[in-house]
Amino acid sequence: MLVIPCPYCGPRPELEFSYGGQAHVARPTAASNPSPADWNAFQYERANIKGLHAERWRHIHGCARFFNVIRDTTTDEIVRSYRSGEK
Amino acid sequence: MTSRFSGWSLLLGGLSGQRRWSEQWRAAEPKRGYDAIIVGGGGHGLGAAYYLAKEHGIRNVAVLEKGWIGGGNTGRNTTIIRSNYLFAESSALYDHAVKLWETLSQELNYNVMYSPRGVLMLAHNVHDEQVAKRHIHANYANGVDNEWLTPQQAKEFCPPLNISSELRYPVLGGALQRRGGTARHDAVAWGYARAASALGVDIIENCEVTGLRRDSNGEISGVETTRGAIESRRVGVSAAGHSSVVLQMAGVRLPLESFPLQALVSEPVKPIIPCVVMSNTIHAYVSQSDKGELVIGASTDAYTSYTQRGALHVNLHTLEAVCELFPAFRRLRMLRNWGGIVDVTPDRSPIIAKTPVPGLYVNCGWGTGGFKATPGAGHLLAWTLARDAPHALNSAFTIERFRDGTLIDEAAAAAVNH
């Protein structure tokens, strides 16, 4: 079980969180006139990185807020976490 | 050269103290080039190489495996075989594999211990029952066997099952596919490797693909590996949880995420559970190996990872459900647990298809249920690679279905929650 550093509440056990998938996947804007391939990229294609992975977590049994985590998917070591909107 | 197995050869082997068996396949060194390369030496990849040589006359083939053959998900799964999927495309695909399983030992002259002992999928609430019956009717319409059992019938079929109405999630019945069952996973890899090698296929272990080469037209021209570059105009990738890692080497992005999926086995006991029992709702998943160990499948972890291990609470969740359904199992100790990396698609259906790169083919996205499809996946990847066009059975399982909105949503039939 991971110990996840919530940027609002501090380190808490994984059971308090839900996983939100790859972070920073931007929804196409209507102004960009997205094609089916653009929607496919947004909706389904994922980097599935073997290495440092930016991902969203939600502290659903805590502060209930979304935030981002950098985790190494080859070791599960969490490098750092940061609030939504930050980098 | 490997000799053919028969009753006589086993008897002679016994009389000579089991000391005269030869190696079952050649340990090959990579050549400069091949007519086709398969990336991934699991059951699917070895099967593809075998069918390329056997059915398509393409014998100058290499299987490249970064570890040892059958050491990935082929050796890490719970060995369940079934074909009771909902949609016509899926039930045809999985039943193709079941039909190949039925004669695979004879085909390969290698005992893969296919045991159609029945797969019983339990229902615990009204929704489960309706979903199960919908699957049964859909399977019936598609010519796949599946039948409804009442709790009493389920108890008769599987005597250790607890059908008490006092359970938090009582057994309201179950769907039984009698042709479903198990097989010996290692033997599948070894049997395909032996048969493919005898037809001329080079099986190259400890050879990790580190790059995909393309010519000036963008077509595949070979692979780069930890043992040097190898030329080939046709490359089939069958790398399970690492398929997207390999495909990214050619710039192909896939709708895949890789998760750890865990399994565990108990200490061995005498035969106690005669079939496979699964429950989606409370996540039980148990059968018994011929060695006597209970083989238990857990869920995927919540997050993507390549670590081949998972969290303990995922296993505990499954054990709680198993112990409620089978109170007699509560005193058993668990011997080993492990994880495999499974590549999951958004619709829980696989991809066996051409890629946007000419000469590059992929068999991936089997998620938590790839073992059952081993012969079928190998057969269809070989067909697609040899003819540069899909077989009718895998023509719907493309990469483009996600863009085009023609998903084959088998989330309910995939059975393991993920």
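The values are calculated or read from the model by the stated rules, or taken from the named source; none is laboratory data. Just so it is clear, the structure is predicted and the values come from calculations on it, not from any experiment. Backbone-built Cβ (ideal geometry, glycine too); neighbour counts: all protein chains shown.
Summary table
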quantity	calculated
Single condition B:Gln308 does not satisfy, out of (1) out of contact with any Asp or Glu (no Cβ under 6 Å at 6 or more places or on another chain); (2) at pLDDT 95 or above; (3) not hydrophobic (A, V, I, L, M, F, W, C)	(2)
Positions within the range A:69-86 being without any contact (Cβ under 8 Å) to a residue 60 or more places away in the chain and either away from chain B (no Cβ under 13 Å) or not in a strand (DSSP E or B) (or both), in sequence order	A:Thr73, A:Thr74, A:Thr75, A:Glu77, A:Val79, A:Ser84, A:Gly85, A:Glu86
Wholly enclosed strands (runs of 3 or more DSSP E) of the range A:1-62 bearing at least 1 residues more than 13 Å from every other protein chain (Cβ to nearest Cβ), surrounded by fewer than 17 Cβ atoms within 10 Å (Cβ to Cβ) and over 16 Å from the mean Cα position of the chain (by Cα)	A:10-13
The range B:241-255, subset more than 7 Å from chain A (Cβ to nearest Cβ) and in contact with a Phe, Trp or Tyr (Cβ under 8 Å, 6 or more places away or on another chain), residue surrounded by the fewest Cβ atoms within 10 Å (Cβ to Cβ)	B:His242
Residue among B:Ala386, B:Ala377, B:Ala382 that alone is touching a strand residue (DSSP E or B) at 6+ places or on another chain (Cβ under 9 Å), of a type in the set (Gly, Ala, Ser), closer than 23 Å to B:Ile220 by Cβ and surrounded by fewer than 23 Cβ atoms within 10 Å (Cβ to Cβ)	B:Ala386
Selection from the range B:392-406 of residues that are assigned to a loop (DSSP other than H, G, I, E, B) and surrounded by fewer than 17 Cβ atoms within 10 Å (Cβ to Cβ)	B:Ala392, B:Ser395, B:Glu400, B:Gly405, B:Thr406
Residue satisfying condition, being touching a residue at least 12 places away in the same chain (Cβ under 8 Å), β-branched (Val, Ile, Thr), within 14 Å of another protein chain (Cβ to nearest Cβ) and touching a strand residue (DSSP E or B) at 6+ places or on another chain (Cβ under 8 Å), within set B:Thr318, B:Thr225, B:Thr304	B:Thr304
One residue from B:Glu107, B:Glu129 being under 26 Å from B:Gly191 (Cβ atoms), assigned to a helix (DSSP H, G or I) and not small (Gly, Ala, Ser)	B:Glu107
Options B:Gly236, B:Gly297: the member that is closer than 23 Å to B:Gly174 by Cβ and either modelled with pLDDT under 95 or buried (at least 21 other Cβ atoms within 10 Å of the Cβ) (or both)	B:Gly297
Some residue of the range B:58-67 being surrounded by fewer than 24 Cβ atoms within 10 Å (Cβ to Cβ), within 22 Å of the chain's Cα centre (by Cα) and closer than 17 Å to B:Arg227 by Cα	yes
Single residue of the range B:350-371 satisfying the filter (part of a loop (DSSP other than H, G, I, E, B) and among the polar types (S, T, N, Q)) that is surrounded by the fewest Cβ atoms within 10 Å (Cβ to Cβ)	B:Thr355
Odd one out for B:Leu86 among (1) buried (at least 23 other Cβ atoms within 10 Å of the Cβ); (2) in the same structural domain as B:His44 (by TED's automatic domain parsing); (3) in contact with a His (Cβ under 8 Å, 6 or more places away or on another chain)	(1)
Among the residues listed as B:Thr384, B:Thr406, B:Thr374, B:Thr368, the single one being away from chain A (no Cβ under 14 Å) and farther than 26 Å from B:Gly57 by Cα	B:Thr368
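Listed here are the residues, each with its yes/no results for (1) in contact with a strand residue (DSSP E or B) (Cβ under 6 Å, 6 or more places away or on another chain); (2) within 26 Å of B:Leu312 (Cα to Cα).
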site	(1), (2)
A:Asn33	no, no
A:Ala37	no, no
A:Ala41	no, no
A:His53	yes, yes
A:Tyr82	yes, no
